[in-house]
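Below: one structure, written as C-alpha coordinates.
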Amino acid sequence: MKLKSLLLLLLCAFFVAGDLGAEELKKRRKKKKKRGKVVAFKAGQIGVGVGGGFAVKQNYSKTDYSIYGTNETKGGFPFSIRAEYGATDFLGIGLWIGMYKDKVTITDITAPNNIYGYDHKFTQICLRPAFHVPLGMAKLDPYVAIPFGLNKVKATPFNNEGGFNYVQEPLKSGFAWAIHGGANLYFTDNIGAFVEGGYGQGLPMVSFGLAVKF
(Lines give C-alpha, C1' and ligand atoms only; values in the text may rest on other atoms or scores of the structure.)
Protein backbone atom coordinates (compact mmCIF):
# COMPACT_ATOMS: atom_id res chain seq x y z
CA MET A 1 0.00 0.00 0.00
CA LYS A 2 2.77 2.33 0.80
CA LEU A 3 4.47 1.68 -2.54
CA LYS A 4 1.23 2.12 -4.48
CA SER A 5 0.45 5.32 -2.60
CA LEU A 6 3.92 6.64 -3.31
CA LEU A 7 3.64 5.83 -7.02
CA LEU A 8 0.20 7.46 -7.15
CA LEU A 9 1.55 10.54 -5.41
CA LEU A 10 4.49 10.77 -7.83
CA LEU A 11 2.14 10.33 -10.79
CA CYS A 12 -0.12 13.14 -9.54
CA ALA A 13 2.90 15.38 -8.97
CA PHE A 14 4.10 14.65 -12.51
CA PHE A 15 0.77 15.70 -14.05
CA VAL A 16 0.57 18.80 -11.87
CA ALA A 17 4.11 19.81 -12.84
CA GLY A 18 3.26 19.19 -16.49
CA ASP A 19 0.17 21.41 -16.26
CA LEU A 20 2.14 24.16 -14.52
CA GLY A 21 4.91 23.95 -17.09
CA ALA A 22 2.44 24.16 -19.98
CA GLU A 23 0.72 27.13 -18.37
CA GLU A 24 4.07 28.89 -17.84
CA LEU A 25 5.03 28.25 -21.47
CA LYS A 26 1.73 29.77 -22.62
CA LYS A 27 2.38 32.86 -20.50
CA ARG A 28 5.86 33.27 -21.93
CA ARG A 29 4.57 32.94 -25.48
CA LYS A 30 1.89 35.54 -24.80
CA LYS A 31 4.45 37.94 -23.31
CA LYS A 32 6.78 37.43 -26.26
CA LYS A 33 3.97 37.98 -28.74
CA LYS A 34 2.80 41.06 -26.88
CA ARG A 35 6.34 42.44 -26.68
CA GLY A 36 6.74 42.03 -30.45
CA LYS A 37 3.70 44.22 -31.07
CA VAL A 38 4.96 47.10 -28.95
CA VAL A 39 6.13 49.88 -31.30
CA ALA A 40 6.71 53.62 -31.04
CA PHE A 41 4.90 54.44 -34.31
CA LYS A 42 1.41 53.25 -35.23
CA ALA A 43 -1.15 53.81 -37.95
CA GLY A 44 -3.50 56.67 -37.13
CA GLN A 45 -1.21 58.53 -34.75
CA ILE A 46 -0.34 62.21 -35.18
CA GLY A 47 3.17 63.45 -34.51
CA VAL A 48 4.45 67.01 -34.18
CA GLY A 49 8.04 68.23 -33.96
CA VAL A 50 9.61 71.64 -33.34
CA GLY A 51 13.34 72.23 -33.51
CA GLY A 52 16.44 73.78 -35.01
CA GLY A 53 19.82 72.71 -36.29
CA PHE A 54 22.54 73.34 -38.84
CA ALA A 55 21.84 74.12 -42.49
CA VAL A 56 23.55 72.74 -45.55
CA LYS A 57 25.92 75.54 -46.52
CA GLN A 58 24.95 77.08 -49.83
CA ASN A 59 27.56 76.88 -52.58
CA TYR A 60 27.50 80.13 -54.55
CA SER A 61 30.64 79.41 -56.62
CA LYS A 62 28.56 78.43 -59.66
CA THR A 63 26.04 81.28 -59.43
CA ASP A 64 26.11 84.81 -60.83
CA TYR A 65 27.55 85.94 -57.49
CA SER A 66 30.95 84.61 -58.57
CA ILE A 67 31.10 86.11 -62.07
CA TYR A 68 32.85 89.34 -61.05
CA GLY A 69 34.25 88.45 -57.64
CA THR A 70 34.85 86.02 -54.84
CA ASN A 71 32.30 85.41 -52.11
CA GLU A 72 32.02 84.32 -48.49
CA THR A 73 28.93 82.90 -46.80
CA LYS A 74 27.71 83.09 -43.21
CA GLY A 75 24.76 80.95 -42.21
CA GLY A 76 22.10 81.34 -39.57
CA PHE A 77 20.29 78.97 -37.20
CA PRO A 78 17.44 77.10 -38.97
CA PHE A 79 14.04 76.68 -37.33
CA SER A 80 11.49 74.07 -38.42
CA ILE A 81 8.04 72.70 -37.64
CA ARG A 82 6.82 69.31 -38.80
CA ALA A 83 3.56 67.39 -38.58
CA GLU A 84 2.98 63.76 -39.51
CA TYR A 85 0.09 61.31 -39.78
CA GLY A 86 0.57 57.55 -39.54
CA ALA A 87 -0.82 56.19 -42.82
CA THR A 88 0.31 52.66 -41.85
CA ASP A 89 2.38 51.14 -39.04
CA PHE A 90 5.54 52.04 -40.94
CA LEU A 91 4.64 54.93 -43.28
CA GLY A 92 4.00 58.51 -42.16
CA ILE A 93 2.83 61.34 -44.42
CA GLY A 94 3.55 64.85 -43.23
CA LEU A 95 4.27 68.51 -43.82
CA TRP A 96 7.58 70.25 -43.09
CA ILE A 97 8.01 74.05 -42.79
CA GLY A 98 11.45 75.52 -42.23
CA MET A 99 13.12 78.93 -42.08
CA TYR A 100 16.71 80.15 -41.96
CA LYS A 101 18.94 82.99 -43.15
CA ASP A 102 22.39 83.44 -44.63
CA LYS A 103 24.57 86.26 -45.87
CA VAL A 104 26.81 86.23 -48.94
CA THR A 105 29.54 88.88 -49.18
CA ILE A 106 31.05 89.52 -52.63
CA THR A 107 34.47 91.09 -53.18
CA ASP A 108 35.02 92.57 -56.66
CA ILE A 109 38.16 91.02 -58.20
CA THR A 110 38.84 94.19 -60.21
CA ALA A 111 38.36 96.52 -57.22
CA PRO A 112 39.01 94.78 -53.85
CA ASN A 113 37.58 97.73 -51.92
CA ASN A 114 34.26 97.21 -53.66
CA ILE A 115 32.52 94.81 -51.22
CA TYR A 116 28.78 94.16 -51.36
CA GLY A 117 26.32 91.28 -51.26
CA TYR A 118 22.93 89.91 -50.29
CA ASP A 119 21.08 88.91 -47.14
CA HIS A 120 18.94 85.86 -47.89
CA LYS A 121 15.84 84.67 -46.09
CA PHE A 122 14.81 81.10 -46.93
CA THR A 123 11.37 79.58 -46.31
CA GLN A 124 10.78 75.92 -47.13
CA ILE A 125 7.37 74.28 -47.49
CA CYS A 126 7.68 70.55 -48.16
CA LEU A 127 5.80 67.29 -48.18
CA ARG A 128 7.57 64.82 -45.90
CA PRO A 129 7.00 61.07 -46.29
CA ALA A 130 8.83 59.08 -43.60
CA PHE A 131 9.46 55.34 -43.37
CA HIS A 132 9.55 54.11 -39.76
CA VAL A 133 11.47 51.02 -38.62
CA PRO A 134 9.51 48.85 -36.10
CA LEU A 135 12.04 47.71 -33.50
CA GLY A 136 9.49 46.37 -31.02
CA MET A 137 10.36 49.18 -28.59
CA ALA A 138 7.79 51.60 -27.16
CA LYS A 139 10.16 54.55 -26.76
CA LEU A 140 12.51 54.42 -29.78
CA ASP A 141 11.22 55.30 -33.26
CA PRO A 142 13.92 55.33 -36.00
CA TYR A 143 12.97 56.53 -39.49
CA VAL A 144 14.12 57.67 -42.91
CA ALA A 145 12.43 60.82 -44.28
CA ILE A 146 12.45 62.34 -47.77
CA PRO A 147 11.12 65.94 -47.66
CA PHE A 148 10.66 67.75 -50.97
CA GLY A 149 8.96 70.97 -52.04
CA LEU A 150 9.50 74.71 -52.46
CA ASN A 151 12.46 76.72 -51.19
CA LYS A 152 11.31 80.35 -51.30
CA VAL A 153 14.12 82.92 -51.28
CA LYS A 154 14.03 86.64 -50.46
CA ALA A 155 17.31 88.39 -51.38
CA THR A 156 18.03 91.85 -49.89
CA PRO A 157 21.15 93.69 -51.18
CA PHE A 158 23.54 95.58 -48.89
CA ASN A 159 26.27 98.17 -49.61
CA ASN A 160 24.36 99.22 -52.69
CA GLU A 161 25.96 102.52 -53.70
CA GLY A 162 23.86 103.82 -56.53
CA GLY A 163 23.08 100.31 -57.73
CA PHE A 164 26.23 99.94 -59.85
CA ASN A 165 27.45 96.95 -57.84
CA TYR A 166 24.49 94.73 -58.58
CA VAL A 167 25.22 93.28 -61.98
CA GLN A 168 24.58 89.81 -60.55
CA GLU A 169 21.12 88.28 -60.48
CA PRO A 170 19.97 87.58 -56.91
CA LEU A 171 19.35 83.99 -55.83
CA LYS A 172 16.00 82.66 -57.00
CA SER A 173 13.41 80.44 -55.36
CA GLY A 174 13.50 76.81 -56.40
CA PHE A 175 13.08 73.16 -55.58
CA ALA A 176 14.14 71.84 -52.15
CA TRP A 177 14.81 68.21 -51.28
CA ALA A 178 16.65 66.10 -48.72
CA ILE A 179 17.22 62.57 -47.46
CA HIS A 180 17.31 62.34 -43.68
CA GLY A 181 17.81 59.51 -41.23
CA GLY A 182 16.79 60.07 -37.64
CA ALA A 183 14.90 58.87 -34.59
CA ASN A 184 12.29 59.97 -32.08
CA LEU A 185 13.11 59.04 -28.49
CA TYR A 186 10.10 59.29 -26.16
CA PHE A 187 10.54 59.94 -22.44
CA THR A 188 6.84 59.37 -21.77
CA ASP A 189 4.02 57.85 -23.85
CA ASN A 190 3.60 61.15 -25.72
CA ILE A 191 6.59 63.46 -25.21
CA GLY A 192 10.18 63.05 -26.35
CA ALA A 193 12.95 64.44 -28.51
CA PHE A 194 14.18 63.88 -32.05
CA VAL A 195 17.48 64.10 -33.88
CA GLU A 196 18.09 63.62 -37.59
CA GLY A 197 20.83 64.20 -40.13
CA GLY A 198 21.46 63.76 -43.82
CA TYR A 199 21.95 65.72 -46.99
CA GLY A 200 19.83 67.96 -49.15
CA GLN A 201 19.38 71.12 -51.17
CA GLY A 202 17.90 74.10 -49.33
CA LEU A 203 17.10 72.12 -46.17
CA PRO A 204 18.90 71.69 -42.82
CA MET A 205 21.49 68.92 -42.61
CA VAL A 206 21.28 68.29 -38.84
CA SER A 207 18.14 68.97 -36.80
CA PHE A 208 17.07 68.28 -33.23
CA GLY A 209 14.19 69.32 -31.00
CA LEU A 210 10.94 68.38 -29.26
CA ALA A 211 8.75 65.51 -30.47
CA VAL A 212 5.12 64.98 -29.42
CA LYS A 213 2.62 62.31 -30.53
CA PHE A 214 -1.09 61.81 -29.97
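The values are calculated or read from the model by the stated rules, or taken from the named source; none is laboratory data. In this text the structure is predicted, and so the values were computed from the model without any measurement. Note that we place each Cβ from the backbone using ideal geometry, even for glycine, and neighbour counts take in every protein chain shown. SASA here: full protein model, heavy atoms, side chains in, ligands and nucleic acids out. Shrake-Rupley method; radii C 1.70, N 1.55, O 1.52, S 1.80 Å.
Brief remarks follow.
- Over segment 71-156, accessible surface divided per residue gives 52 Å², non-protein components excluded, 1.4 Å probe.
- Pairs from the table (LYS74/LYS172; LYS74/LYS139; LYS57/LYS139; LYS74/LYS152; LYS103/LYS139) lying more than 29 angstrom apart at Cα are LYS74/LYS139; LYS57/LYS139; LYS103/LYS139.
- Here each label is just a point 7 Å from Cα along the line to Cβ, and for ALA193 and TYR85 those points are 3.1 nm apart.
- Each Cα pair under 8 Å and six or more residues apart adds its sequence gap; the mean of these over the residue count of segment 50-182 is a relative contact order of 21 percent.
- Rounded FRET efficiency, nearest 0.05, which uses the C-beta distance separating PHE158 from LYS57 and R0 of 22 Å: 0.65
- Sorting LYS172, LYS62 by accessible area puts them as LYS62, LYS172; the probe is 1.4 Å, largest comes first, and only protein heavy atoms count.
- Segment 73-125 - percent of accessible surface contributed by carbon and sulfur, probe 1.4 Å: 65
- Between the residues ILE179, ILE109, PRO134, the greatest Cα displacement towards the positive end of the dipole of segment 64-214, with unit charges on the Cβ of Lys, Arg, Asp and Glu, is found for PRO134.
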